[in-house]
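I have placed the structure first, in the form of structure tokens, so that the comments after it can refer back to it.
The values are calculated or read from the model by the stated rules, or taken from the named source; none is laboratory data. Fair warning: this is a prediction, and the values are worked out from it, not measured in the lab. Cβ placement follows ideal geometry from the backbone for every residue including glycine, while neighbour counts extend to all protein chains displayed. Just so you know, the surface numbers come from the protein's heavy atoms only, side chains and all, with ligands and any DNA or RNA stripped out. Shrake-Rupley method; radii C 1.70, N 1.55, O 1.52, S 1.80 Å.
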Amino acid sequence: LKQIVASKGGLYPVAFLAEAKKLVLLNDSDGSLHEWELSRGQETRSWPGVPQTSALAFSPDQKRCLMVGYGGELVLRDMATGLVTNSKSLFGPLWNLGTTQSVEFSPDGRFFAAASWGSVARVFETATLREVGAFGRFLMGAHSVTFSPDGTRLAAGSNGRESIKLWAVESQQELVTLDTQESRFVQPAF
């Protein structure tokens, strides 16, 4: 891995695709994705990405890649064909402006969540990119999101008094807010 990254410069590992035994790297300068077959140590494909990528996630079946740029551009790519299956801007009248820091697919891949410095975590339908829910307001912005293994809960990480908020996905009801004594960006995990 060190040899692959060093030989290309500016590439950062972002995902290990276990099923395909491949590594996906992100070119920080142009947002392009580069897929490497680990057994041969060779690049097999590359795709244009989102300039200034701020968040990236792969679906649980590793068939789709979701990329979000600092400007709010969202691109959903089919990993088999490399084609963009859907794209949109996350910045609309309901999206509180702020850099998207984290995206995460639900365990079944039907939905994805996005966390924004603009203080909101939102859930979208993967197939249509239609927003299906907005989760809370954070004083210091939402920095990360993750779904529970059964997909019924959404956790978002923030800072200080709102380090972690937990919601029921279906009802969008906030279940608990956990705080910390120190100021830190929290990455929740189940």
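Looking only at residues of region 136-162 that are under 15 Å from the mean Cα position of the chain (by Cα) and assigned to a strand (DSSP E or B), we find that the one that is modelled with the lowest pLDDT is 157. Here residue 170 meets each of (1) touching a Gly at 6+ places or on another chain (Cβ under 7 Å); (2) modelled with pLDDT of 80 or more; (3) open to solvent by 70 Å² or more (accessible area, probe 1.4 Å) with one exception, condition (1).
Taking the stated definitions as given, is residue 44 without any contact (Cβ under 8 Å) to a residue 24 or more places away in the chain, assigned to a strand (DSSP E or B) and either at positive phi or within 17 Å of the chain's Cα centre (by Cα) (or both)? Reasoning before the result, please.
On the way: without any contact (Cβ under 8 Å) to a residue 24 or more places away in the chain: yes; assigned to a strand (DSSP E or B): yes; either at positive phi or within 17 Å of the chain's Cα centre (by Cα) (or both): no.
Here the answer is no, as residue 44 does not meet what is asked.
Taken as a whole, the structure leaves residue 82 outside the set of residues that are within 29 Å of residue 137 (Cβ to Cβ), without any contact (Cβ under 8 Å) to a residue 40 or more places away in the chain and surrounded by fewer than 16 Cβ atoms within 10 Å (Cβ to Cβ).
Taking the criterion of being over 12 Å from residue 14 (Cα atoms), modelled with pLDDT under 85 and open to solvent by less than 40 Å² (accessible area, probe 1.4 Å), the residues of region 39-53 that qualify are 41, 49, 50.
Scanning region 1-38 for residues that are under 24 Å from residue 80 (Cβ atoms), at pLDDT 75 or above and not in a strand (DSSP E or B) turns up 18, 21, 30, 31, 32, 38. Screening region 75-135 for strands (runs of 3 or more DSSP E) wholly inside it with 3 or more residues that are modelled with pLDDT of 80 or more returns the ranges 100-105, 111-116, 121-125, 131-135.
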